[in-house]
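Notes for the one structure printed next.
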Amino acid sequence: MSYISVKHLNKEFKVAQRGSGLKNAFKSLIKRKYKIIKAVDDISFDIEKGEIVGYIGPNGAGKSTTIKMLCGILKSDSGAMKVAGFDPFKDRVKYVKNIGVVFGQKSQLWWDIPVIDSFELLKSIYKISDEEYNKTKDELVKLLELENLLSTPVRQLSLGQRMRAEIAASLLHNPKILFLDEPTIGLDAVSKLEVRRFIKEINRKRQVTVILTSHDMTDIEALTNRVIVIGHGKKLYDGTLTGIKKKFSSGRRLEIIYRDLVNEPVIKGTKIIEKGNNKVVLDVNIDEISISSVIKKYTDVCDIEDVNIINEDIDNIIVKLYKGYDL
Amino acid sequence: MRGYLKYFKTELMVGLQYKAAAIAGICTQLFWGFLFCLLYEAFYSYANVDAITYREVITYVWLMQAFFSLIYIKIEDAEIIGKIKSGTVAYELCRPYNIYFWWFVRLLSRKYAHTLLKSFPVFVFAFMLPSAYRLSFPISFEALILFIITIILGSFIVVGISMLIHIISFFTLESKGIASIIASIGGVLSGMAVPVPLLPLVLINITKYLPFRLIGDTSFRIYSGNIGIIEAKQTIILQLIWVVILIGFGLLLLNKALKKVCLQGG
């Protein structure tokens with residue numbers, strides 16, 4: 001059996017509906033109308049120990065709902081879930097010792113007290129021994145460069161600093177699984193790279209299984225190759241990121257810088273996007289012609305100085321994918 | 001257990017930071033204390049009351065002012081309500097502790113922090129007043145010990161009630177209404193308006209079946225000797241029963257709330 005196994009998971013929400021205006025406000029006092037929303041609709045997947053999995057989908061797709069069920073916060077309506085041998089909701093108190101959680105939009109640190117006091121408190125909560133605590137803390141502080149932040153109250157940290165502290169806090173008790181719900185939301189480029197580097201490092205060093213949601217596809221691309229895509233509560237895709245790229249982007253963009261070209265060759269399956277001083281940019285439809293044959297056609301007629309293959313932006317691919325599934 | 005204790009200490013330290021609020025609180029408490037003293041002085045010079053003597057009432061007034069933060073029922077912690085509203089409660093659920101007792105400890109530590117800040121200056125002031133308005137010493141050493149035990153158990157009862165108010169916001173997302181209803185009823189029945197023995201007979205009878213009078217009223221009267229040692233000991237048993245009932249009910253309600261909890265966004 002897999003480390004994390006989810007089978008036919010369902011979750012519905014009842015959302016109160018009310019028309020606008022005073023009249024409807026009074027009406028809803030007496031009788032409320034509800035709309036049933038299927039937040040998670042028959043989702044199944046397996047994740048092995050030590051994997052990093054990107055869990056992606058547009059806003060309101062049911063990502064966070066799934067994560068919350070995996071964390072034991074929400075009770076599923078039906079379906080089976082086993083994580084590291086536990087039923088997350090039923091065995092919540094025992095189970096949560098094995099997981100670390102970062103919700104990018106919320107804070108788990110205590111607002112009014114210095115970071116180090118939050119850590120000490122977590123140490124008591126998770127009953128971590130002094131020796132283990134000191135070891136893990138020193139390691140995390142070094143990795144995340146927290147030395148100078150430890151005695152600062154959380155409310156005075158910048159978002160990037162806070163996020164680093166949040167991640168450290170979620171790892172103090174050496175969890176086997178780490179749930180990251182939009183860990184880079186609102187971070188600047190440098191902090192983002194830092195956070196990514198760190199997640200990779202932790203995954204490699206400690207074999208922590210990481211489940212990550214993010215709207216930033218570069219996050220996903222940098223961290224993992226396995227993605228699960230969901231939309232309207234349904235699982236749409238489970239496989240490699242390369243697979244998505246292949247499926248939804250048939251084009252490659254090629255930039256060729258050359259010398260001594262007399263006649264521009266006409267190649268079927270390509271489209272010239274830009275032509276300039278000893279330089280041409282073309283879109284290549286790789287279903288019709290391979291990149292190497294395009295390059296060969298050019299080498300036949302001129303000297304090539306440089307070739308760049310530009311992959312389609314992952315964000316565009318995801319937009320195509322969402323459109324493809326009518327999201 | 002160690003976690004809860006550590007949390008109590010941490011929260012206590014956080015609570016003790018709010019010095020300006022404490023100074024404002026002390027002034028309010030002294031003002032009301034003095035006002036009540038004058039009021040009862042006038043009252044007792046015209047009325048004959050057997051249930052509680054003037055001296056006992058004055059002691060009652062000052063003890064209530066000193067322990068006001070401990071016994072007053074209100075929304076203690078906007079942060080818990082905020083957590084429920086914003087969904088940050090999700091984090092709390094990812095921790096290996098019982099969320100009920102965790103919040104219980106939090107509310108309790110808040111109450112103790114406020115009380116620690118305020119009670120000492122009020123005591124000093126009340127002991128130095130002219131004899132007519134002065135706070136008396138406890139009637140006996142045994143009464144003092146019983147007073148301390150009952151005031152602590154009383155604080156558990158307040159927090160038990162307060163927890164119910166907080167948990168209700170899982171269902172309604174807004175518990176100010178319920179809180180103010182409970183606070184005003186509870187206030188009257190726990191002797192915050194006038195000591196329970198001075199209430200109309202009907203209300204006195206009602207208080208017997210409710211936990212409110214066990215919060216401050218009985219403790220203050222044990223201190224002054226208005227309630228004897230034997231009855232004081234019975235009070236402790238009664239308090240323990242109410243603590244168990246309130247915590248049990250709170251746990252039940254919170255479990256029910258968590259089953260239907262729905263956390264959105266993020």
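On inspection, A:S293 passes the criterion of being among the polar types (S, T, N, Q) and at pLDDT 85 or above.
Residues that are assigned to a strand (DSSP E or B) and either more than 13 Å from A:V101 (Cα to Cα) or within 12 Å of chain B (Cβ to nearest Cβ) (or both) do not occur anywhere in the stretch A:156-163.
Among residues that are among the hydrophobic types (A, V, I, L, M, F, W, C), surrounded by 13 or more Cβ atoms within 10 Å (Cβ to Cβ) and over 30 Å from A:P58 (Cβ atoms), A:V280 is included. Consider the stretch A:1-54 and keep the residues that are at pLDDT below 90 and aromatic (F, W, Y). The one that is farthest from A:I318 (Cα to Cα) is A:F26. Pairing each residue of the stretch B:1-27 that is within 11 Å of chain A (Cβ to nearest Cβ) with any residue that is of a type in the set (A, V, I, L, M) and assigned to a loop (DSSP other than H, G, I, E, B), provided the two are 6+ apart or on different chains, yields C-beta distances under 9 Å for B:T10/A:I113; B:M13/A:I113; B:V14/A:I113. Among the conditions (1) surrounded by 17 or more Cβ atoms within 10 Å (Cβ to Cβ); (2) modelled with pLDDT under 90, A:S158 misses just one, which is (1). If you go through the stretch B:31-52 and keep only what is under 23 Å from the mean Cα position of the chain (by Cα) and among the small types (G, A, S), you end up with just B:G33.
For the stretch A:104-118, the candidate set comprises residues that are assigned to a helix (DSSP H, G or I) and surrounded by fewer than 24 Cβ atoms within 10 Å (Cβ to Cβ); within that set, the residue that is farthest from the other protein chains (Cβ to nearest Cβ) is A:I116. Please verify whether A:S124 is assigned to a helix (DSSP H, G or I), modelled with pLDDT under 90, within 11 Å of chain B (Cβ to nearest Cβ) and within 16 Å of the chain's Cα centre (by Cα), treating the condition exactly as stated. When the stated conditions are applied, A:S124 does not pass them.
Got a number for residues in the stretch A:251-274 being over 26 Å from A:K320 (Cα atoms) and either in contact with a Leu (Cβ under 9 Å, 6 or more places away or on another chain) or polar (S, T, N, Q) (or both)? The number of residues fulfilling the criteria is 3. Of all residues in the stretch A:76-100, exactly one satisfies the criterion of being more than 18 Å from A:D46 (Cβ to Cβ) and in contact with a helix residue (DSSP H, G or I) (Cβ under 6 Å, 6 or more places away or on another chain), namely A:G100.
Might you check whether a residue that is touching a strand residue (DSSP E or B) at 6+ places or on another chain (Cβ under 8 Å), of a type outside the set (S, T, Y) and either assigned by TED's automatic domain parsing to the domain that holds A:W111 or surrounded by fewer than 17 Cβ atoms within 10 Å (Cβ to Cβ) (or both) occurs anywhere in the stretch A:184-198? No, because not a single residue in the stretch A:184-198 is touching a strand residue (DSSP E or B) at 6+ places or on another chain (Cβ under 8 Å), of a type outside the set (S, T, Y) and either assigned by TED's automatic domain parsing to the domain that holds A:W111 or surrounded by fewer than 17 Cβ atoms within 10 Å (Cβ to Cβ) (or both). Counting only helices (runs of 4 or more DSSP H) that fall entirely inside the stretch B:161-266 and contain at least 1 residues that are surrounded by fewer than 19 Cβ atoms within 10 Å (Cβ to Cβ), the qualifying elements are B:176-189, B:201-207, B:229-260. Please verify whether the stretch A:137-146 includes one or more residues that are away from chain B (no Cβ under 14 Å) and at positive phi. Checked against the condition, which is being away from chain B (no Cβ under 14 Å) and at positive phi, the stretch A:137-146 yields at least one hit.
Residue-by-condition table, conditions (1) charged (D, E, K, R); (2) touching a residue at least 12 places away in the same chain (Cβ under 8 Å):
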residue: A:A222; (1), (2): no, yes
residue: A:V227; (1), (2): no, yes
residue: A:I230; (1), (2): no, yes
residue: A:G239; (1), (2): no, yes
residue: A:K246; (1), (2): yes, no
residue: A:I257; (1), (2): no, yes
residue: A:C302; (1), (2): no, yes
residue: A:V307; (1), (2): no, yes
residue: A:K320; (1), (2): yes, yes
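Among helices (runs of 4 or more DSSP H) entirely within the stretch A:238-327, having at least 3 residues that are charged (D, E, K, R) and closer than 24 Å to A:D216 by Cβ singles out A:241-248, A:314-324. How many residues does the stretch B:13-63 hold that are in a helix (DSSP H, G or I) and either modelled with pLDDT of 85 or more or over 30 Å from A:P153 (Cα atoms) (or both)? The number of residues fulfilling the criteria is 34. Selection over the stretch A:283-304 of residues that are loosely packed, with under 13 Cβ neighbours inside 10 Å and either in contact with an Asp or Glu (Cβ under 8 Å, 6 or more places away or on another chain) or under 30 Å from A:I228 (Cβ atoms) (or both) gives a count of 2.
The stretch A:1-103 holds no strands (runs of 3 or more DSSP E) entirely within its bounds that carry 2 or more residues that are more than 22 Å from the chain's Cα centre (by Cα), surrounded by 16 or more Cβ atoms within 10 Å (Cβ to Cβ) and among the basic types (K, R).
The values are calculated or read from the model by the stated rules, or taken from the named source; none is laboratory data. Because the structure is a prediction, the values reported are computed rather than measured. Note: ideal-geometry Cβ built from the backbone for every residue, glycine included; neighbour counts use all protein chains shown.
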